[in-house]
Structure formats: structure tokens, C-alpha cells
Amino acid sequence: MTFVDDYPFEAKLIRRSLAVAFTALGIGGLFGLIQALHRTGALRVISSADYYTVLTGHGVLLALVFTSFSITGIFTWAVTNSLGREAANKTVSRAWLWLMSIGSTLTSITILAGFVPSIPMSADVLFTFYPPLEAHPLFYVGLALFVVGTWIAGADWLLTYREWRQDNPDSRIPLQTFIVIATMLMWYISSIGVAAEVLLFVLPWSLGITQTIDPLLSRSLFWYFGHAVVYFWLMPAYLAWYTVLPKLSGGRLFSDPLARVVFVLFLLLSTPVGFHHQYLDPGIAEGYKFVAMTNTMFLLLPSLLTAFTVVASVEHGARQRGGTGRLNWLRALPWDNPAFVGMALAGLMFAAGGFSGMVNAGMNINYLVHNTIWIPGHFHLTVGTAVALTIMALAYWLVPQVTGKRLRSKTLAVVQPYLWFIGMTLMSNAMHRAGLAGVPRRTAEPQYQYVVFEGVVGGISEMRLQIAIGGVLLFTSLCLFLWVMLKTWLGPKAATIDVNGVIPEPLSGPEHSPRVLDNFKLWLGIAIMLLILVYALPLAGMLMNPTPGSPPFPM
Amino acid sequence: MEIHRFEKFWLVASLVLIVGFIATITYGSVAAGVTMVSDTGGTIQPDSFENTGFDDPGVRHIEGDRYEAYVVAQQFFFNPGSSEPIRVPAGSTVTFYVTSADVIHGFQIVDTNVNVMVIPGQVSKITVRFEEPGEYGILCNEYCGAGHHTMEGQIVVVPEDEWEGGSQ
Amino acid sequence: MTGIRRRAVLRGGAAAIGAAGIAGNTAAQDSQGAARPDFGGWLDGSDGGYLDARGQDEVRVDVGAAGNGDYYAFRPAGIWIDPGTTVVWEWTGQGGQHNVVDEAGNFESDLTAEEGFTFERTFEDGGITEYYCAPHRALGMKGAVAVGEDVPTVTAGGGGGQPTREPYQFAGDTFQQTIAAVIFGALGLGAAALLAAEGYATYRDRSADAEAAAAEAAAEAGVEPGTVPETTEEATETEPVQTIEHDDYDPFGTATMIVVYFLIIALMWVFMYFVEFLGNGPTVIG
């Protein structure tokens, strides 16, 4: 019996979540292609003013809608599967799906309306929507509904956990549910920032209830949320790497206790680092920036630990499959299994993305890279590959289980992750080098009269070529993925599927870790304390010594 | 708690790496003297620059080799910088005061480490030393509207004896 | 308030707005086929249209009319007037701050965003005067005034409206363009071929494939073929070639790879910080 037979309601929730996610992925990916071709000058099919509409759509659809709906799908599966029980309250489940869908549709409509001049509605404010740039009020309403929807999703899983806990008072929390709880608690304490920004300040200002807005305070509230959100995206990828990848490799998770430590560290450290996105902002004292820097550097630790644990688990699988030698075991891995390949390549790319992240975290070296195209180079490696490619890889393994259908077009499915990896290597390396030369991000036509860009290694033309070609390869890979999904979805229900959903016991189980790791009340308390320590003074300073307000500039 | 000895080793190595990064950054601050833009510039009314240095933007000589440059960033040009280049002499220490008249902009002198956010209501105050003559492009690297990609300027570091005051 | 939509109504609609806005001017719009001043490429790529205003004492030009992506146009951008005509530039209040600056340096208005602000000049001498708006010049906000009969003319062929922009040169030289074309072309053909093959294979084998798969699966599950299965079975777990337990396992491969990674990161960091960053010219020191 597969998941879809054991838990039909939850399987339906997951299917619907993933359907919205993949639709957003498709549209957002198309926008990305348009951007890559436009800004390099290879092919311009829209005006440069419309480029910013496309860019807003790309950011919101991919970084918000695709990621969040993938997370709700994956986490619903993880909680149901690891606790072995149905959702505690089906109404709550339906509520988050509806609320998130309505919210994201509303926001998307305001963005897409920017293409049609006769509709008096647009939101060319980009994913970060910094005031005094002003979007249509419904853009913000949609965002607020969406965020509230995610809160309800967290409540759904916590309620199910609580029921399980009542039936199992002494057991350790199963690892997958542990990860979900850590992630959602982190989400609650961080999303309060953007919710406050939107509901208390930006929305009233865009409706005309208040006349001016404090741009520095708004930015700071956004980035209070903005770094934690990338971990919100990353943790489901980690869930896949910790629990599914070892099984796909033919092995077992190397260490469950260390996995728990890693996620507790994320809960504690993901949020009190937000100022590292504002190193170059005026109005924030250098001391606060320094503290953000040290915290961010320590936030590297859980990711570095993950690298070891995950690779060790994969090695275990390779050796159980008969691999030998110091490095030769790599050949014994299932390189013809699309789910494995996607996750392995995603993990490899994350190691590279981690390095550019280390540079970004450096307080003063940030002068070199801030707002250049190095930054998108970095996050296309991390969220664009580590997260996105892992989600696609996981889909190859999960979708058969939640639909009861066999994976179709397997050849295309195997080719897809390799193509993504090649495309992203080309695009991202060129973005990093172009950023070092000073080429800016978020710019429709980075070709200037007075500004000459000189590359460190290679010329600017060649970098543009790589970005354009990389973008095309990525879009092709995306099309392959969507094709495989569509064919699988539309196929007939099968008597057997060719994946197996059993997750083996880890080599070192939770019984080898102290129980305090499962004490989320403690960790939440410490996390909140850290937040207060880091953010109370600067935010209070901004409220008491406010930046003179700005009127709206409609976009 | 049971941790494999390899992983313990890696834990220590990771912490060494992290401390190394923090130490390098601190070295940059303390020894190399790299300073972050902070709240030293103060705040300003974004819609009225009367009686501030910004009502007459440009470069002024203070004394010795110290200069001040007041730059206003707005959609979609730098004043000075866009219609005429900012001129400073070689061998000078220039304090830039940059603010915005409308939305958030960026002020980046390409091929240097001069890169700040420009927020309306705030003044970004940074001091830079220009030793050698040269020409640099300036661009806005924070999205500020439909014409963002046209927002550029120039800064020219002229030989010391050729500087004639202001931003001609 | 937010009700004001800054989004420009693009060219087709903009002409209509422009026409309605120029109250008091003659109805003469872009007259096709007639001679008009040769502005020498000054107005290429600029929105705003053209008006033959000879015979008028006064001509009004909107500053901040819809065009060039937002409200960044003079309308009409090109005008032909008689000597002694006064041109009155009137600000629309849209598109931020504008000014009117003579390219030859003879006149310059204030820089303002104020709706209703005006700047005027009476043109006595014949010739062509080129002017622009300083903040939006790069976006195409330019205008030109042709005064008198003694100006070079050209016969206007196409209608007003669609400006031509210089096609942007991608990626340098011909060699690189050829490479790009070959790669894109090959990829496109490859993708098309793959999908076509898939589609054809699916279509051709559809009934056979589904039947065969269903029959096989049905046989495995022990049910009648042709029915939709009620439940779906998972694949069986693969047995490891050799089972390795916790105490027998030391991840040597991982250790090696992670040491290499550590060294690469440390070296790259030193390079980035000391060569790229500290070696990058003037830095913020205060």
C-alpha cells in the first residue's frame, strides 16, 4: 500500500500544494528566461520598463509561491509519514490551502496587471517591495493573507504532533516531524517582522491612511524576516537530504542526533542575523552590523555539519551497494535514478553557494559585492539549485507515492537534473565574475555610457554569453521537469509503482542523543531571547529616532 | 551524545574556519581601516534640502587635502555626477554625503569599494581616499523605477594641480 | 494618493492623450507624406510625435507627457514654427522632475516637478534648436524646434508613433555571435527532437503500452487486467550488496572530500579578501 492509499486526504492536499507550486515554477521560470536574454542583450522581446514587472513576477512566483507551496506539500507528507497518522483537523488543513492560494493569486494578479497598461493596477516593486516604492494595495493584502495561511499550516502540523504526543508521551520526536517543528517555530518568530511591516506600515500607507512611511524601519523589518526566509526554504531541502537521500543512495542516515543539533541551531540563529543584508545602509550603527556578522558566521556551522553528515550517509549507501576505495565508491551510486541525481547535484552546488554566502556575510568585504550580480549568482546556487533542484528530485520520488501512478518519461527525468546543473554552472559562475567587475543586479540594461566593466577572469561579453546560454539550458531543464510531471499526473493509476517509501533506521539513532534536544520550549525561549538581544536596541532606536517619512512613489 | 570522531574533527575545523572569517573581517576593520557606513550622517527631510549641504550639491575644499562632496540621488540621475562629472583632485581625502530626493537608490563607484545605499531621509556619510588620478563610473545599483538602468554618472580624479574647485 | 497610476499608456494610447492635451493647437497631427524638418536623428527613439505649428503665434509643449516608458516625453517633441513664435513649455506634474535644456547652451529652465509650471522662449532666428530634459535624457526625453522655412527637410514616410531604436549589439564580435547562434540552435533542435520523439513514442505505444503495463501489473497483483487498481503497491526494497553496521563504518571518503573542501574554501577566502577586496582601489575608511 502506498501513501495515497493509506492517507487519501493528505495525499490530495499534497497534490494540490505541489500543483500550485509547479505552476508558479513554470511561469516564474519563463520570466527568468526572458530576463536572462534581455539583460545580456541577446534577445529583447519586452520593453526595459516591463523588465521590472517580469523581475517582480520571477521573484514572487519562485521565491515565495513555488517555495512555500512545495514546503507545505513536503511537510504535510513528512509529518503524516513520520507520525503515521492523519491530519488532526481537516478544516485547518483546507483553510491554509485556501488562504495561501487566494493570497498568492491576488498578489500575482497585481503584478501581472502591470503588463496591461489599461488596467490601473501594477506592482513593479520587486520581491523586496522597499518603500517608498509603492505597489497597488492588493499586492500587500495578498501577501498578508498568504503569510497568515502559512501560520495556519504550521498550526495544522503542530496540532497533529500534539495529538501524537498525547498517545506517545515518552517517545522521541521522529526526525522528519522534528525538522518540521523546528522550521515552523523559526518561521513564526521571523515572519512576524514582515507581517508587522506590511500590516502596520505599508498597507495603511498604500491605502492613504498614513501619508508617509519610514523607509529604514520598513527595510529593517523586512530583513528581520528576509534572512530567516531563506532558511525556511532550505530546511525542506535538508529534510530531503537527511531522510530521503540516504535511502536513495542505498544506505542509512549517518547520525540522527547531529541532525537534531543542526536544526536547533537553525532555530536559534536564522533570524538574529538580518542586518547582514543592510551592511551598507545608513542609519544603523556599525556595532549592530558587527554583531550580525558574528552571528551569521556561526550560522555557517549547521550547514557545514550537514555537509559531513549527508555525504557520510551517501557514502554508506554507496558502500552497501558494493562500492570500495577512498573515492571510487562514488561510481557505485545510482546515477540513473533521477531523484538521487537531483539531490546529489543540488548538494554539490550548495557547497559552492555556501562559499559565496560566506563572502556576503563578511561585513566589510560586502562593499565589494553588494547589489552586484554576484548576489543573484549566489542565490541561484542556493535557493535556485539546492532548494529548487532538490524539490524537483524529491518530486520524482514522492509524486508516484501521492498519486499512485508510475513515473513516466524516465529518460527525460534522468537528463533533467544534469542539464540543470550544467546550465546553472554556466550562468552562476558568470554572474559571480561579472559581479566582481561591478555589473549591477536588478537592472534591465546593464550597459552604460560612462561605466566600463573589466572582468577579473574573462571578458564581459563572454560572461553575458554564459548567462544567456545558462538561462536557456535551465529553462529547457525546467520544461523537461514539467513535462515529466504532467505525463505522470495524467497517466493511469498503476497497480505497482517503482519507488519504495520506506525510510530505514539511521546508523546512530535518536536514543544516542540527550532528550533536551527535543525540548522545543527551551529552544524557542532561547531563540526569542537572542532576537531581543540583537534587535531590540536597533529597532527601538529606529522608532524613537525615526527617519523622516517619505510619500508613496507608485510603481 | 555520540559523535563519530571524524565528525568531531570536522566540528573543530568548522569552528576554526568560522573564527578565521571573523578574524579576517576584524582585521579589515581594525588594521586596514575599512569602516562601515553608519548613522553618523544623520537624518534629513527628504522633500526639502534648504539650509543643508544638499541645496547646492557639489565638491568643496575644506582645508589641506580634505574635501566634501554633497551628492543628491534621484530618479534617474546623480547630482552632481550625471550631467557633469564629480571632480576631485588626486591625493585627497573626500567625505561624501549622499542622500535621496525620492526613493531608495544605490551609489556605487565601479572598480572601487565605494558602495552605499542611499535612503530618503537618511544621509550616507563615507570618507574615501583618492591617491591616483583616474576616471570611474558611478551607477545606481538599487532598483528605483522604470529608468533605473539609465542612472549613471562619472567621477574624475584629476591631477592635483588641475583641480579648480567645485564639480565643473 | 495611490489612485494616480503612473503606468504610461503606451504609444498608441499616448498619441490620443497627447492630442487631447494639446488644447488650443491646430488639429494638424503627424501629416504623412508632407515635408518636415530633418532633425538629424536627434529625435530617433524619442516618443512625443511631431507638430507642424507654422502659422501659430504660440505653441504649447507638454513637459512630462506619456511616453518613453512612463511620463518621460515632450509632446509634441518635434515642432516647426515661424520666426517670432513663442514656445510655451508646460509641466504636466507627471514623471518626476523635468527641465528644458538647450543642447547649444543658450537657455535652460528650472528643474521642477510642479504641475502647471511654465517656461517660454520666443524664437526669432531661423534654424533648428535641439533641447532635452537633463534627468531623462538617457530615456529619450528630447525635443527639437525648427524655425522658419530655411531648414533642411525630409519627406516623412511612415506615420508617427513607432520610434526606431538601435538594435543592441550582443556579445561583441561576429565570432561570438556565431557560437551563440550555433549553441542556441543546436539546443533548440535537440529539445524539439527529444520532445517530438517522446510525443510520437507515447502516441504510437499509447494503447499498446498501457495495455502491456496494465496486464503485467495486473498479473503481478493477481487481479483482472483492464480494471483500475484499487490500491497501489510499492516496489520492494532493494537489498544491499553488503550490510554495513554502525560500528563497522568510518566514512573515509567523506573525510577526504571534506578536507579538500576546507582547503579550497580557505584559499578562496584569502584570495577574495586580500586580493579582490583589499586590492580593489579606493575604500571607505571613515
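Structure notes:
- Pairwise burial C:B, computed as accessible area of each alone minus the pair, summed, 1.4 Å, Å²: 2900 Å²
- Pairing chains A and C buries close to 6500 square angstrom of accessible surface in total, based on protein heavy atoms and a 1.4 angstrom probe.
- Here segment B:109-139 is scanned for amide nitrogen atoms under 17 Å from the site 7 Å beyond the Cα of A:VAL452 along Cα-to-Cβ, giving B:109-112, B:132-139.
- Cut-off under 5 Å, modelled amide H: who pairs with C:VAL61 long-range: C:VAL88, C:TRP89, C:GLU90
- Rounded to the nearest Hz, the phi-derived 3J(HN,Hα) couplings of segment B:9-23 under the Karplus curve 6.51 cos²θ - 1.76 cosθ + 1.60 (θ = phi - 60°) are 4, 5, 4, 5, 4, 4, 5, 4, 4, 5, 5, x, 4, 4, 5, where x marks glycine and proline.
- Net charge, C:ILE244 excluded, C-beta distance under 15 Å - Lys, Arg +1, Asp, Glu -1: -3
- Drop in accessible area of at least 30 Å² in the complex versus isolated chain, residues of segment B:128-168, 1.4 Å probe: B:ARG129, B:LEU139, B:ASN141, B:GLU142, B:TYR143, B:ALA146, B:HIS148, B:HIS149, B:THR150, B:GLU152, B:GLN154
- Pairwise FRET efficiency - C:VAL275 versus B:ARG129, Cβ, R0 = 22 Å, nearest 0.05: 0.65
- Among the protein heavy atoms, those of A:PHE298 account for about 80 Å² of accessible surface (1.4 Å probe, every chain in place).
- Counting charges near A:ARG331 (Lys, Arg +1; Asp, Glu -1) among other residues having Cβ under 14 Å from its Cβ returns a value of +1.
- Applying the criteria of a DSSP loop state and at most 11 other Cβ atoms within 10 Å to the GluC sites (Glu not before Pro) of segment A:453-555 yields A:GLU454.
- A simple rule links phi to the HN-Hα coupling: the Karplus curve 6.51 cos²θ - 1.76 cosθ + 1.60 with θ = phi - 60°, which for segment A:550-555 gives 10, x, x, 10, x, 10 Hz, with x for Gly and Pro.
- Length released on extending from C:MET268 to C:GLU103, taking residue separation times 0.36 nm less the Cα-Cα span: 54.4 nm
- Local net charge near B:GLN122, Cβ-Cβ under 9 Å (Lys/Arg +1, Asp/Glu -1): -2
- A:GLU505-B:THR40 FRET efficiency (beta carbon distance; Förster radius 56 Å; 0.05 resolution): 0.45
- Per residue, the convex hull around the alpha carbon atoms of chain A comes to 155 Å³.
- Counted residue by residue at 0.36 nm each, then reduced by the alpha carbon distance between them, the extension gain from C:LEU111 to C:THR256 reaches 45.7 nm.
- Farthest toward positive dipole pole in the protein assembly as shown [+1 Lys/Arg, -1 Asp/Glu at C-beta], among A:ILE119, A:GLY154, A:PHE266: A:GLY154
- Too-long pairs where the Cα-Cα distance tops 30 Å, listed order kept, from A:LYS12/A:LYS521; A:LYS405/A:LYS521; A:LYS247/A:LYS289; A:LYS521/B:LYS8; A:LYS90/A:LYS410; B:LYS125/C:LYS142: A:LYS12/A:LYS521; A:LYS405/A:LYS521; A:LYS247/A:LYS289; A:LYS90/A:LYS410; B:LYS125/C:LYS142
- 10 Å Cβ neighbours from other chains, averaged over peptide B:24-35: 6
- Two-site label geometry, A:ALA196 and A:ASP6: point separation in nm, points 7 Å out along Cα→Cβ: 4.2 nm
- Rounded accessible area per residue of the protein assembly as shown, 1.4 Å, Å²: 37 Å²
- The helix-based estimate of mean residue ellipticity at 222 nm for the protein assembly as shown, built from -39,500 (n - 2.57) per DSSP H run of four or more residues and divided by its residue count, is -15500 deg cm²/dmol to the nearest 500.
- Given charges at beta-carbon only (K, R positive; D, E negative), |dipole| of chain A in Debye: 1100 debye
- Taking every DSSP bridge with both residues inside segment B:1-125, close to 65 percent are antiparallel.
- Percent of beta bridges antiparallel (DSSP, the protein assembly as shown, rounded to nearest 5): 65 percent
- Heavy-atom accessible area ranking, 1.4 Å probe, most first, across A:LEU490, B:LEU15, A:LEU280: A:LEU490, B:LEU15, A:LEU280
- Note on chain B: dipole from Cβ charges, positive end direction compared against B:PHE9, B:GLY134, B:VAL19; the farthest Cα belongs to B:PHE9.
- B:ASN51-B:VAL16 FRET efficiency (beta carbon distance; Förster radius 35 Å; 0.05 resolution): 0.05
- Annotation: amide H of A:VAL439 within the under-5 Å range of A:ILE373, sequence separation 5 or more or interchain, hydrogens built in the peptide plane.
- Segment B:29-35 - phi-based ³J(HN,Hα) in whole Hz, Karplus 6.51/-1.76/1.60, Gly and Pro as x: 6, 7, 8, 7, x, 6, 10
- Each label point was placed 7 Å from the Cα along the Cα-to-Cβ direction; for C:ALA201 and A:TRP98 their separation is 4.4 nm.
- Each peptide in A:325-336, C:95-106 gets a packing score, the mean of other Cβ atoms within 10 Å over its residues, and the list from highest to lowest is C:95-106, A:325-336.
- Computed from the alpha carbon positions, the gyration tensor of the protein assembly as shown leads to an equivalent ellipsoid with semi-axes of 54, 34, 26 Å, biggest first.
- In Å², nearest 10: area of B:PHE21 left accessible to a 1.4 Å probe: 10 Å²
- Along the axis of the charge dipole computed for chain A (Cβ charges of +1 for Lys and Arg, -1 for Asp and Glu, origin at the Cα centre), the listed residues A:GLY59, A:VAL310, A:GLY541 are led at the positive end by A:VAL310.
- Surface composition of segment B:53-162: carbon and sulfur atoms hold 37% of the protein heavy-atom accessible area at a 1.4 Å probe.
- Protein accessible area in chain A, 1.4 Å probe - carbon and sulfur %: 68 percent
The values are calculated or read from the model by the stated rules, or taken from the named source; none is laboratory data. Just so it is clear, the structure is predicted and the values come from calculations on it, not from any experiment. Because the Cβ atoms are built from the backbone with ideal geometry, glycine has one as well, and the counts that use them run over all protein chains shown. Just the protein is used for accessible areas: all its heavy atoms, side chains included, with ligands, DNA and RNA removed. Shrake-Rupley method; radii C 1.70, N 1.55, O 1.52, S 1.80 Å.
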